[in-house]
1. Against the conditions (1) modelled with pLDDT of 85 or more; (2) part of a helix (DSSP H, G or I), where does Phe19 fall short? Just the number, please.
2. Are any of the residues in the stretch 43-60 assigned to a loop (DSSP other than H, G, I, E, B), among the basic types (Lys, Arg) and at pLDDT below 85?
3. Considering each residue of the stretch 83-108, count those that are assigned to a helix (DSSP H, G or I) and either modelled with pLDDT under 85 or not basic (Lys, Arg) (or both), and give that number.
Amino acid sequence: MTSLYVPSATEVPLAKHVFLQRATSLPNPDPPADSATTALVNEQAPYMVKTYLRPPPMFVKGEGCYLWDVENRKYLDLTAGIAVNALGHCDPEMSKLIAQQVSLTASITAFSSD
């Protein structure tokens, strides 16, 4: 197995630093301390297990490949991971099928045959 060489920050030319900084700047900066997002995070904090670091956006709506946070900022969802689907958010047909199945039988367990 070969290892990948990753240069240190001091080995990257200054022009590249400027490019990387500009390329990674966020159009949606973290919300201020007096925002609806911060209020929601603080409200839910006592009930959350601190297993993972929670990113500042608190998503409240999704449609297709987009998500909206409580500040009504729109995000393109490029996230993938364990136990996720690639069908987009709130697909009308999928939502109908899920609602239909839940109306027949539903349980809250990780070990279910529903």
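1. It fails just one condition, (1).
2. Just the residues of the stretch 43-60 that are assigned to a loop (DSSP other than H, G, I, E, B), to begin with: 48-58.
This time we only want the ones that are among the basic types (Lys, Arg), so: 50, 54.
With the extra rule that they be at pLDDT below 85, the set shrinks to 50, 54.
Yes: the stretch 43-60 contains one or more residues that are assigned to a loop (DSSP other than H, G, I, E, B), among the basic types (Lys, Arg) and at pLDDT below 85.
3. If we filter the stretch 83-108 for residues that are assigned to a helix (DSSP H, G or I), which is where we start, we get 92-104.
Filter again for either modelled with pLDDT under 85 or not basic (Lys, Arg) (or both), leaving 92-95, 97-104.
The number of residues fulfilling the criteria is 12.
The values are calculated or read from the model by the stated rules, or taken from the named source; none is laboratory data. Bear in mind the structure is a predicted one, so any value in this text is a computation, not a measurement.
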